[in-house]
Amino acid sequence: MTPLRQKEILTTDLIGLRELAEAMPDDPFAGPLTQSRIASLEEEIRQLAESPSHIPEAELFFGPGPAIGSAGLDAKFASRIMNSYQDIISNQFAATFHGALRRAGRRRGENDSRLYLTALPRGSFGLQLSQPHVEDFVAAQEVAKVMEDVTDLVAASAQDDNAFTIALQRFHPRVLTPLRVFLETMATAGSDCRMVSGNMQASLTKEKVTEAATRVTAAQTRLDEMELEGIFDGVLLQSGKFEFEPHGQSIISGWLAESVTDEQAENWGVLTGKPAKAKLRITTVTTPNQQRRLAYELLALEPIDELPVTVSVNALA
């Protein structure tokens, strides 16, 4: 059970105990025990609110349409939801914590972000996706953070264009495709949805689900490749991130392409601070309010003798 849901259950218990304590203020036996339990619950709730989630876990609840009350959930609907949700998590985890991201196929760190169906929580009908046996606690905490961020992204996609654009800045463009499938699956089924992960939640009516699906579908993705000359500012081998300063432009940063080998990346290290020609793949995401977000992948890098000379207008006067 996620920390937020634990907090909700404890809060309900706390309200009941407080009402009980008010009903028997002078009971010499039950009174002290009740006050002690109240203090204990308040401390548990405080710790849950202040502590980050370390266990990758999400609970997804669905209403009428795909769900029959709390008794069952359409199997094909559940399959599409779990597949698309897993792809959102794996894509973002790979991009955030493992640098390069393949355009298709297996992703770096995919085993670390693998989730399992571990429970069917009741309320409406729910799916609990988590990692029941954590071995790498650092990776698990990173996955838990991604799951909270994804919940926030879903909530923002149902809010408005501006909120969605701001939230999308934290995500790799490859997240858009499975996010679109995730929301369209719910919209087609006419389902509402509640997502809970860590201390984050998103509650969407079926109307908001449809609005979110329309907004995400309207986000356009375009791929371009180009070559730029400038100063190579280096690469971090562990994360696969690079920085490059195109001649006469601001510094850009991004990831090494999946096709780049570790040996190539190490060899490029000697070009740090030197003129170079970079071949880049640029992914442009245009959101419904026509704001653009660019993501860069470095495909190739080669040294050049020098950069073009920039002549100012004053120098010619």
### Task
Would you mind working out the magnitude of the charge dipole of the chain relative to its Cα centre, with +1 at each Lys and Arg C-beta and -1 at each Asp and Glu C-beta, to the nearest 20 Debye?
960 debye
### Query
Out of 247, 172, 54, any idea which swings most in a Gaussian network model of the chain, alpha carbons joined below 10 Å?
247
### Message
Please report the carbon-and-sulfur percent of the accessible area for the chain; probe 1.4 Å, protein heavy atoms only, DNA, RNA and ligands left out.
### Response
52 percent
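What does the accessible area per residue of the chain come to in Å², with a 1.4 Å probe and no ligands, DNA or RNA counted? Don't skip to the answer; put the middle values down first.
On the way: 16370 Å² over 317 residues.
Each residue of the chain exposes 52 Å² on average to a 1.4 Å probe.
What value, in deg cm²/dmol to 500, does the helix sum -39500 (n - 2.57) over DSSP H runs of n ≥ 4 give at 222 nm once divided by the residues of the chain?
-13500 deg cm²/dmol
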#### Entry: Residue-level accessible surface for residue 45, protein heavy atoms, 1.4 Å, Å²
30 Å²
### Task
Among 186, 198, 213, pick out the residue whose Cα is farthest towards the positive end of the charge dipole of region 172-214, where Lys and Arg carry +1 and Asp and Glu carry -1 on C-beta, about the Cα centre.
198
### Message
Tell me which of 265, 276, 248 sits at the most positive position along the dipole axis of region 207-305, charges placed on C-beta atoms (Lys, Arg +1; Asp, Glu -1).
### Response
248
### Task
Measure nothing but the geometry: give the 0 to 90° angle between the long axis through the Cα atoms of 176-189 and the longest principal axis through the Cα atoms of the chain, rounded to 10°.
40 degrees
### Task
Please state the charge dipole magnitude for region 205-304, taken about the Cα centre, from unit charges on C-beta atoms (+1 on K and R, -1 on D and E), reported in debye and rounded to the nearest 20.
600 debye
### Task
Output the peptides 149-159, 112-122, 278-288 sorted from most to least packed, where packing is the average of other Cβ atoms within 10 Å over each peptide's residues.
149-159, 278-288, 112-122
### Rounded to 10°, Cα long-axis angle of helix 3-23 versus longest principal axis of the chain
30 degrees
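The values are calculated or read from the model by the stated rules, or taken from the named source; none is laboratory data. None of the values given here were measured: they were computed from a predicted structure. Heads up, the Cβs are rebuilt from the backbone with ideal geometry, glycines too, and the neighbour counts pull from every protein chain shown. Quick note on the areas: whole protein, heavy atoms, side chains included, nothing else; ligands and nucleic acids left out. Shrake-Rupley method; radii C 1.70, N 1.55, O 1.52, S 1.80 Å.
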